[in-house]
Amino acid sequence: RYFRCQRLEAVPNERQTFADLVFPAPDGAMAMVNLALRRFEVTVYGLTTRQNSGRNPFTERHAPGHQADAVVETTESLQLVIVESAKLTGASEEKIAQDHFKLARAMKDTWIEVVRELVSDKKRPPSNLTVFGVQAFGTELVFLAMDFKGCFRLYDLAMVRIPNSFLTIKKNMSRFLSTCVGFARLVACRHHEFDTLQDLSIINRRLCNRAIANIKVTSTTPKKPAKSGKRKPADE
């Protein structure tokens, strides 16, 4: 639809880019491995939990969590993939950096939330538990993963070009689709590990909950430093 007519805007906005160019390939790949990709302002459960941690429900207002552009969620309500997208063109470096930070923070919150849910179900989390992220900016689609080995580790899995013209469709479409399928299979492989989890004893469950509570919180987005220079007095 995007390529066969010239009636669409030359520079589509963020949502149009995501719906027409970014979403279809990962969505189809996830469907091949029986995983669902929810799209358009999906609440990230882990982030909501963190923002409302320690809140008094009788006196303090519930804080809505950050909403991602798309999320892969299992039938057990475990979120495994967080997706953030920017405009096809014109996205500033600041916007890209902010999206990357928010995505990494959401992945960390999601990892903690998955562990919390598994422990709540009296299951031992897998030692190689991994959550995933996808960031789209410009014509690049970056696939990320995060695990925990003494500290949280964020690393790139792959980067592909988004086909957005007749020329790039011939050049990039095959690799674009195969990368999305490979990524979906990796996510499904990690998800299948949940089927063979061992039960937790009461003592180990308490130890896991204590370890989760001791994880350092990343709550705020880094702010740009204020511009240097003296301000003029108000009466001037």
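The values are calculated or read from the model by the stated rules, or taken from the named source; none is laboratory data. Note that the structure is a prediction, hence the values are computed from the model and not measured. Please note: Cβ atoms are built from the backbone with ideal geometry, for glycine as well, and neighbour counts cover all protein chains shown.
Taking the criterion of being outside any helix (DSSP H, G or I) and either surrounded by fewer than 18 Cβ atoms within 10 Å (Cβ to Cβ) or hydroxyl-bearing (Ser, Thr, Tyr) (or both), the residues of region 190-208 that qualify are Leu197, Gln198, Asp199, Ser201. The number of residues in region 136-155 that are over 20 Å from Pro125 (Cβ atoms) and not aliphatic (A, V, I, L, M) comes to 5.
In region 33-125, counting only strands (runs of 3 or more DSSP E) that sit wholly within it, none holds 3 or more residues that are at positive phi and modelled with pLDDT of 85 or more. Of all residues in region 162-185, exactly one satisfies the criterion of being without any contact (Cβ under 8 Å) to a residue 60 or more places away in the chain, of a type in the set (Val, Ile, Thr) and loosely packed, with under 15 Cβ neighbours inside 10 Å, namely Thr168.
In region 163-199, the residue that is farthest from the chain's Cα centre (by Cα) out of those that are at pLDDT below 85 and among the aliphatic types (A, V, I, L, M) is Leu167. Taking the criterion of being within 26 Å of Ala31 (Cβ to Cβ) and either over 16 Å from the mean Cα position of the chain (by Cα) or crowded, with 21+ Cβ neighbours inside 10 Å (or both), the residues of region 81-102 that qualify are Val81, Ile82, Val83, Glu84, Ser85, Ala86, Leu88.
Among the residues of region 104-129, write down those that are surrounded by fewer than 21 Cβ atoms within 10 Å (Cβ to Cβ) and either among the acidic types (Asp, Glu) or within 22 Å of Ala25 (Cα to Cα) (or both). Across region 104-129, the qualifying residues are Glu117, Asp121. Would you confirm, using the coordinates I've provided, whether Gln135 is out of contact with any Gly (no Cβ under 6 Å at 6 or more places or on another chain), surrounded by fewer than 22 Cβ atoms within 10 Å (Cβ to Cβ) and of a type outside the set (Val, Ile, Thr)? Here the answer is no, as Gln135 does not meet what is asked.
Close Cβ contacts (under 9 Å, 6 or more residues apart or on different chains) running from residues in region 186-204 that are within 21 Å of Phe143 (Cα to Cα) to residues that are of a type in the set (Ser, Thr, Tyr) and surrounded by 14 or more Cβ atoms within 10 Å (Cβ to Cβ) comprise Leu186/Thr130; Val187/Thr130; Arg190/Thr130; His191/Thr74. In a loop (DSSP other than H, G, I, E, B), of a type in the set (Gly, Ala, Ser) and more than 23 Å from Lys95 (Cα to Cα), is that true of Gly182? So Gly182 does not fit the description; no.
Of note, Val187 does not satisfy the criterion of being touching a Leu at 6+ places or on another chain (Cβ under 9 Å) and not in a helix (DSSP H, G or I).
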